[in-house]
Amino acid sequence: MTEHQLPPLNALRAFEASARHLSVKNAADELSVTPGAVSQLIKTLELHLGVDLFRRVNRGIFLTDAGQAYLPPVRNAFRQISDATRRVAVPPETGILTVSATPFFASAWLVPRLKSFQDAHPDIDLQVLTSSALADFSRDGVDVAIRHGLGRYPGLSSRRLLTVEIVPVAAPALVKSLGIPATPTDLTRWPRVNDAERKGWALWFQAQGIEDAGPARGPSFDDSGLLLKSVLAGQGAALLPLAVVASEIAEGRLVQLSEVTWLEDFAYYLVYPESSEARPKVVAFRDWLLEVSRNAPAAVRAKRASSGSRKRSSPTFKGKASAPSS
């Protein structure tokens, strides 16, 4: 046998299944053939190799030394073929679209808007999974992901959804106690809630021309959802993405302390494999999400304008922030 004379694939499958079950009958049931066919395939493989792979004792079979040595590489080869096939093959279209998003984005921005997608596409059932880790599209069963980053993901298509405008916000009770700040400097004397690295406020103050805002005191959180809960509880002012707290502001659960925004380098992106570009349910979700993200800022501005007369007595401070491009 030369190195290019590979055994028949069906014979290898019969061998692997029989070795796994140590039963010709069970292997035949798995492969949907007769026990006689499995025995013939094994015999073909043994003739091809020139060695016996099984010992037949009464009604049972056992692997020979050659069979035990041959089984691991054969099983590994089938596993590699299966994994490669799963990575390359286009997933079958079903009515379920699996979306991966960060917990904060999902709860604060995506979920409140999903009814309009369900109304427009009642045949697509969304499954939303939350994770801060990058999705592994070949293994996680995820169709599309929404991630916060620079949008550069090799081998993946990405569509920019929202520029991240960072604004200072606080609970109404805290604002009632301290009053709306007249200048950025006023916020240096406020209790503040911090991101995990405690750098956000320092950068925001620097963007307003304040180099020394004092130490980053107050609680810090590595999860934006927990940070938001802390602010809603009145524990301090925080810097949060306008896009994801716009509804909280519009409905009066948060007060935006300044019209000045600080643009991060990062944005939210819709990400999916290039091979999924034309899949109908991915196209439907992509087009809906792009439309909703385009309209969201206008809706927020309209709500603010309609409530402007109530807020004139507490004007926010004006100024110019140096914002990095995004």
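Check cross-link reach from residue 281 to the aspartates and glutamates: straight Cα distance under 15 Å, and skip same-chain residues fewer than eight apart.
93, 119, 123, 125, 143
Would you work out what percent of the accessible area of the chain, with all protein chains in place, is carbon or sulfur (probe 1.4 Å)?
54 percent
List every residue whose amide H lies under 5 Å from the amide H of residue 194, counting only residues 5 or more places away in sequence or on a different chain, with H placed 1.01 Å from N in the peptide plane.
220, 221
Relative contact order of the range 92-203: what whole-number percent is it, with Cα pairs under 8 angstrom and at least 6 residues apart?
26 percent
Set Lys and Arg Cβ to +1 and Asp and Glu Cβ to -1, take the dipole of the chain about its Cα centre, and tell me which of 63, 227, 179 lies farthest positive.
Farthest along the dipole direction, towards plus: 179.
Provide the gained length on full extension for the span residue 203 to residue 44, in nm with one decimal, where the gain is 0.36 nm per separating residue minus the Cα-Cα distance. Could the numbers behind the result be given before it?
Numbers: separation 159, 0.36 × 159 = 57.24 nm, distance 7.27 nm.
That works out to 50.0 nm of additional length.
Can you give the charge dipole size of the range 210-293 about its Cα centre, rounded to the nearest 20 debye, using +1 on the beta carbon of Lys and Arg and -1 on the beta carbon of Asp and Glu?
Working: 6 positive and 13 negative charges, 79 e Å.
In debye, rounded to 20, the range 210-293 gives about 380.
Just checking my list [x] 30, 26, 18; [y] 62, 21, 17; [z] 34, 27, 18 against semi-axes √(5λ) of the Cα gyration tensor in Å computed from this structure; which label fits?
Label [y] holds the value from this structure.
Under the definition of Cα pairs under 8 Å and six or more residues apart, what whole-number percent is the relative contact order of the chain? Let's see the in-between values first.
Numbers: 458 pairs, mean separation 62.9, N = 326.
RCO, the chain: 19 percent.
Taking the alpha-carbon distance from residue 43 and a cut-off under 13 Å, which aspartates and glutamates remain once sequence neighbours fewer than 8 residues away in the same chain are dropped?
Partners found: 52.
With θ taken as phi - 60° and the coefficients 6.51, -1.76 and 1.60, list the Karplus ³J(HN,Hα) couplings across the range 137-142 in order, rounded to whole Hz; mark glycine and proline as x.
The phi angles translate into 5, 7, 10, 8, x, 8 Hz.
Compute from the Cα atoms of the range 180-264 the Rg and the Dmax, the latter being the longest Cα-Cα distance, and quote both in angstrom.
For the range 180-264, the Cα-based Rg and Dmax read 12.2, 34 Å.
Subtract the Cα-Cα distance of residue 129 and residue 152 from 0.36 nm times their separation in residues, and report this length gain in nm to one decimal.
Stretched fully, the residue 129-residue 152 segment lengthens by 6.1 nm.
For the pair residue 120 and residue 226, what calculated FRET efficiency results from E = 1/(1 + (r/R0)^6), where r is the Cβ-Cβ distance and R0 = 30 Å, to the nearest 0.05?
For R0 = 30 Å, the calculated efficiency reads 0.35.
Of 116, 6, 284, whose Cα points farthest to the positive end of the dipole of the chain (charges on the beta-carbon: +1 Lys, Arg; -1 Asp, Glu; origin at the Cα centre)?
It is 116.
Could you give the length gained by full extension between residue 83 and residue 274, i.e. 0.36 nm per residue of separation minus their alpha carbon distance, to one decimal place?
Full extension of this stretch gives 66.9 nm more.
If the only charges are +1 at each Lys and Arg Cβ and -1 at each Asp and Glu Cβ, what is the size of the charge dipole of the range 1-153 around the Cα centre, to the nearest 20 debye? Kindly include the intermediate steps, with their values, before the conclusion.
Numbers: 16 positive and 15 negative charges, 59 e Å.
The calculation lands at about 280 debye.
To the nearest 20 debye, what charge dipole does the chain have about its Cα centre, counting +1 at the Cβ of each Lys and Arg and -1 at the Cβ of each Asp and Glu?
Roughly 840 debye for the chain.
At a threshold of 8 angstrom on Cα-Cα distance, excluding pairs fewer than six apart, so keeping six or more, what relative contact order does the range 34-110 reach in percent?
Computed value for the range 34-110: 13 percent relative contact order.
Could you tally the net charge around residue 239, taking each other residue with its Cβ under 13 Å from the Cβ of residue 239, Lys/Arg +1 and Asp/Glu -1?
Combined, the nearby Lys, Arg, Asp and Glu give -1.
How about residue 199: which aspartates and glutamates have a C-alpha closer than 18 Å to its C-alpha, ignoring those fewer than 8 places off in the same chain?
List returned: 165, 211, 212, 222, 223, 264, 265.
So what is the 222 nm mean residue ellipticity for the chain from helices alone, if each DSSP H run of at least 4 adds -39500 (n - 2.57) and you divide by all residues, rounding to the nearest 500 deg cm²/dmol?
For the chain, the value works out to -12500 deg cm²/dmol.
Dipole of the chain (Lys/Arg Cβ +1, Asp/Glu Cβ -1, origin at the Cα centre): which of 293, 34, 216 lies farthest to the positive side?
Among 293, 34, 216, the one farthest towards the positive end of the dipole of the chain is 216.
The values are calculated or read from the model by the stated rules, or taken from the named source; none is laboratory data. Just so we're clear, the structure is a prediction, and the values are computed from it rather than from any experiment. Virtual Cβ from ideal backbone geometry, glycine too; neighbours counted across all protein chains shown. Side chains are part of the model used for accessible areas, which takes the heavy atoms of the whole protein and leaves out ligands, DNA and RNA. Shrake-Rupley method; radii C 1.70, N 1.55, O 1.52, S 1.80 Å.
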